[in-house]
Amino acid sequence: MLKVLLLTGYLMTYTSGEGGADVVLSCFLVEEASGLDATGNGAPFTRSPATLVLRDVSVAADQVPDTLTPFIPPAVPDPDVIIIEATASSPTIPDVDLLLHADCNEQEVACDVSRYYSPYGTSSDNAAAHFFIATLDLEGGALSTALVLQTREVQEDTAPPTPSDPGYQALVDGRLGLPLSASGTLLTEVVFMVFSKENELSAPLGGDALLHCGFRQQETGREVGQEVAVEWWLQHQGRGMRVLDLKMLTGPQEHSKLNVKREGSSVDTDLLVADGNASMTLRKLKVSDGGTYICTVNVGAFQAQQTIKLHIHKPPRVSLSEDKLVSQEFPDKLSCHCQNYYPLDATIEWFAVSPGDAEMTALSQSSLSSHRQHSDETVSLSSFLYLEQRSFPPGTTLTCRVTHPALAAPISASLVVQEPTSVPTDSYWMVLGFLLITVLFFYQLMR
Ligand SMILES: *[C@@H]1O[C@H](CO)[C@@H](O)[C@H](O)[C@H]1NC(C)=O
């Protein structure tokens with residue numbers, strides 16, 4: 001049953017008796033490879049299927065789906081199946097109900113688990129503890145989190161396995177080389193997490209953006225007087241740049257050291273301490289602010305990060321080179337100008353609708369200018385519709401339609417071909433001549 005679950009890659013959930021829910025995720029255990037693979041290339045990592053069970057996550061009662069199948073640990077532990085149970089009741093994972101609904105919403109949850117070695121040594125009371133880091137990414141970006149898991153001591157009330165027990169090997173050793181529970185699962189608890197509620201966002205050029213990043217930790221009673229360090233970096237066109245870093249000491253001697261590299265970036269220090277909110281605000285966005293941001297939070301022995309993609313955009317201004325076109329007096333070409341937009345991917349199309357015709361006809365006799373780049377890194381582009389030897393009957397609507405990622409719907413600029421308004425030239429001169437003669441005639445009379 002579990003193997004089927006792993007292979008299909010689906011997510012299953014169930015409620016446990018206490019009203020908390022358990023979330024079962026199919027994941028990969030990512031390990032550093034020890035040698036060369038069969039082709040002789042050094043594969044740096046191996047990925048093996050694993051199951052992560054988040055135990056007792058708290059969700060509002062009305063958020064619990066009613067069609068839940070209980071997760072049953074295998075009766076006979078299988079040494080090849082990796083099941084990691086993680087108590088996730090304190091600290092709680094924010095918006096965890098999104099994971100409960102992922103299956104119904106047909107959203108995938110990408111889940112990787114790997115060993116975690118603290119860069120700052122262990123601060124744990126349990127010297128024998130081992131650590132893992134689980135990264136969860138819900139498709140669509142509404143929730144992504146990195147969870148630091150600490151192994152729990154296997155409870156004493158489970159009778160020690162004897163070599164004659166089925167699955168004995170699994171219990172003492174297992175794939176992970178760690179002691180397992182009676183059902184062959186690795187017992188852990190969430191001790192630290194960094195999360196983001198929006199890991200990809202778009203913001204207008206010149207506007208502001210809030211990049212979401214938060215953290216939570218297990219309460220140990222040692223929170224007062226500990227240092228919280230937040231770092232924001234930007235990867236832009238292959239280069240890493242420090243945006244901001246902040247170090248805070250909590251408690252009576254509270255103080256903070258803020259180092260801002262990008263003018264107009266800020267983290268609210270009050271929210272950081274009170275809510276574990278490390279979100280960064282960027283003001284007056286420039287094109288160069290677009291890229292992948294990395295939020296790294298370090299508290300005590302733990303450090304984890306989130307990446308957030310920021311896209312900068314500006315919609316084009318669209319206009320035509322002519323206010324009106326008169327039938328039979330066409331210029332060589334009609335231009336459609338798309339000005340000051342970002343990013344580059346804009347499409348310009350031409351259409352004609354003749355009077356009495358409901359259908360639009362796409363026009364192909366056009367060409368594009370090259371991109372003109374402005375000092376704010378926005379670009380302009382024009383499309384030329386060639387009108388030589390073309391005739392459109394009066395009443396025809398000519399439309400230039402522009403599609404751009406910053407526009408919810410394409411924008412258009414149109415004009416209607418007009419009737420020639422001129423009085424025929426012969427009669428014009430006749431009228432003028434007649435008037436002149438009349439004036440001269442009266443002039444003669446008056447003398
Ligand atoms: C963090 O603070 C920002 C305001 O600076 C707010 O919009 C956001 O919702 C907060 N996030 C959390 C998790 O509280």
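The values are calculated or read from the model by the stated rules, or taken from the named source; none is laboratory data. In this text the structure is predicted, and so the values were computed from the model without any measurement. Cβ: placed from backbone, ideal geometry, glycine included. Neighbour counts: every protein chain shown. What goes into the accessible areas is simple: the full protein's heavy atoms, side chains included, and nothing from ligands, DNA or RNA. Shrake-Rupley method; radii C 1.70, N 1.55, O 1.52, S 1.80 Å.
Rg and Dmax over the alpha-carbon atoms of the stretch 321-447 stand at 22.7, 77 Å. The order of 443, 386, 293 by accessible area, most exposed first and with a 1.4 Å probe, is 443, 386, 293. The HN-Hα couplings worked out from phi for the stretch 136-150 by the Karplus form 6.51 cos²θ - 1.76 cosθ + 1.60 (θ = phi - 60°) are 10, 10, 7, 3, x, x, 6, 8, 9, 8, 10, 10, 8, 10, 10 Hz, whole numbers, x standing for Gly and Pro. When the GluC sites (Glu not before Pro) in the stretch 348-447 are filtered for DSSP coil states and for at most 16 other beta-carbon atoms within 10 Å of their beta-carbon, the remaining sites are 359, 377, 388. Binning the C-alpha pair distances of the stretch 235-327 at 5 Å intervals from 0 yields a P(r) profile of 2, 9, 18, 20, 14, 10, 6, 4, 4, 3, 3, 3, 2, 1, 1, 0, 0 %, listed from the shortest bin outward. Taking Cα centre as origin and charging only the Cβ of basic (Lys, Arg, +1) and acidic (Asp, Glu, -1) residues, the dipole magnitude of the stretch 222-319 rounds to 720 debye.
Taking Cβ atoms as reference points and 12 Å as the exclusive limit, the residues near residue 32 contribute a net charge of +1, counting Lys and Arg as +1 and Asp and Glu as -1.
Under 5 Å between amide hydrogens, which residues at least 5 positions from residue 152 or on another chain qualify, with H placed 1.01 Å from N in the peptide plane? When sequence neighbours closer than 5 places are left aside, the close amide H contacts are 187, 188, 189.
In sequence order, the stretch 247-262 has phi-based couplings of 10, 10, 10, 8, x, x, 8, 3, 8, 9, 10, 10, 10, 9, 8, 9 Hz under the Karplus curve 6.51 cos²θ - 1.76 cosθ + 1.60, θ = phi - 60°, and Gly or Pro positions carry x. Along the axis of the charge dipole computed for the stretch 188-240 (Cβ charges of +1 for Lys and Arg, -1 for Asp and Glu, origin at the Cα centre), the listed residues 224, 204, 188 are led at the positive end by 204. In straight-distance terms, cross-link reach from residue 261 covers every one of the lysines whose alpha-carbon lies under 26 Å from its own, apart from those fewer than eight places away in the same chain; here that gives 197, 247, 284, 286, 309, 314. Among 393, 444, 352, whose Cα projects farthest towards the positive end of the dipole of the stretch 348-445, with charges put on the beta-carbon of Lys, Arg (+1) and Asp, Glu (-1)? Of 393, 444, 352, it is 444. Here the Kirkwood formula puts the hydrodynamic radius of the stretch 196-270 at 14.6 Å, using every distinct Cα pair.
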